[in-house]
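K.L.:
Following this message is one structure expressed as structure tokens.
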Amino acid sequence: MNRALLAPLLLLAALACTDKKPAPPPPLKGGPQRLEPLERVLPADAGERDAVFEVAPFTPLGPAAPANAVKVTLDGDKPLGLDLKTAAKDVPILLVPVGDTYLAQVAAALAALDDGGFEVWLAHPDAPIAWRLTLRDEPGFQRWLEQLEPGKVRVIQRADGFELSTNMGKLQGIDPNGPSVPARGGKMDLATLQKGLKKIHSRFEAAPDLCFMPSYGMELAEVARAMAADSTAADAAIFPNLCLVYPRPKAK
């Protein structure tokens, strides 16, 4: 071959080789795997009949409120009945929700308690137990999410059930497009919710806290009932610290 023609061909071949991109590395093996879908807790006699719209029985357990706590009734849009400007900061405040008192109705009171740095407890409406809460508004919740801690476990509570979410994604239920723990027959499935929390804790054993994120139209009494799923005894909890995410009212 003519040397005058050979040189350009060699140059083109060299350029073609330099344009080739290296093959991507193979995916890493042994990384964290997604949790298996959560199966519901069936009623004891579910095998003998159709129990699609029934939930397994659940007995709420948990700690008692501090003996020196000041009880504050949350009754719809009514004022707290407690002057937070003069209230002692070293005395716990026990919130007692009444009837259909919704989260949105008490948002201003929760913001005042949060800003005041009070020790806040939420009473269960049906049992003599309560839970100490860390109150977080939306900015506070975002700061919590950004902390470098495992899990970031939260329970999103809506009328159709509970969605359990972590920093690895959602814990799926039987229906991947539905809640992790769907409501059945208009009732919360607390036995299955507790099972789901235990399942997540087995993956995130070092996770220090659990945040409940109710919809703004959720009754606060229903939130307190749901929080019982985190307690396995009067002095034992799946996640040791509970937080409540609330909607801070806009400044006027």
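The values are calculated or read from the model by the stated rules, or taken from the named source; none is laboratory data. No experiment lies behind these values; they were computed from the predicted model shown. Because the Cβ atoms are built from the backbone with ideal geometry, glycine has one as well, and the counts that use them run over all protein chains shown.
K.L.:
Would you mind finding the one in 186, 161 that is crowded, with 18+ Cβ neighbours inside 10 Å, free of Cβ contacts under 8 Å to residues at least 40 places away in the same chain and at positive phi?
P.N.:
On the way: 186 fails: crowded, with 18+ Cβ neighbours inside 10 Å.
None of the others qualify; the one that does is 161.
K.L.:
Now for a separate question. Being polar (S, T, N, Q), at pLDDT 95 or above and closer than 25 Å to residue 251 by Cβ is the requirement here; does residue 194 meet it?
P.N.:
On the way: polar (S, T, N, Q): yes; at pLDDT 95 or above: yes; closer than 25 Å to residue 251 by Cβ: no.
When the stated conditions are applied, residue 194 does not pass them.
K.L.:
With respect to residue 53, is the statement that it is modelled with pLDDT under 95, within 21 Å of residue 187 (Cα to Cα) and assigned to a loop (DSSP other than H, G, I, E, B) true?
P.N.:
Values: modelled with pLDDT under 95: yes; within 21 Å of residue 187 (Cα to Cα): yes; assigned to a loop (DSSP other than H, G, I, E, B): yes.
So residue 53 passes the test.
K.L.:
Looking at the stretch 95-153, which of the residues that are among the polar types (S, T, N, Q) and farther than 14 Å from residue 212 by Cβ is modelled with the lowest pLDDT? First the steps, then the outcome.
P.N.:
To start, the set of residues in the stretch 95-153 that are among the polar types (S, T, N, Q) comprises 101, 105, 134, 142, 147.
Imposing the further condition that a residue be farther than 14 Å from residue 212 by Cβ reduces the set to 101, 105, 142, 147.
Working: 101: 96, 105: 96, 142: 97, 147: 92.
Filtering first and then ranking leaves 147.
K.L.:
Let me ask you something else. Would you pick out the residues in the stretch 51-78 that are in contact (Cβ under 8 Å) with a residue 40 or more places away in the chain, more than 22 Å from residue 103 (Cα to Cα), hydrophobic (A, V, I, L, M, F, W, C) and in contact with a Pro (Cβ under 8 Å, 6 or more places away or on another chain)?
P.N.:
55, 56, 64
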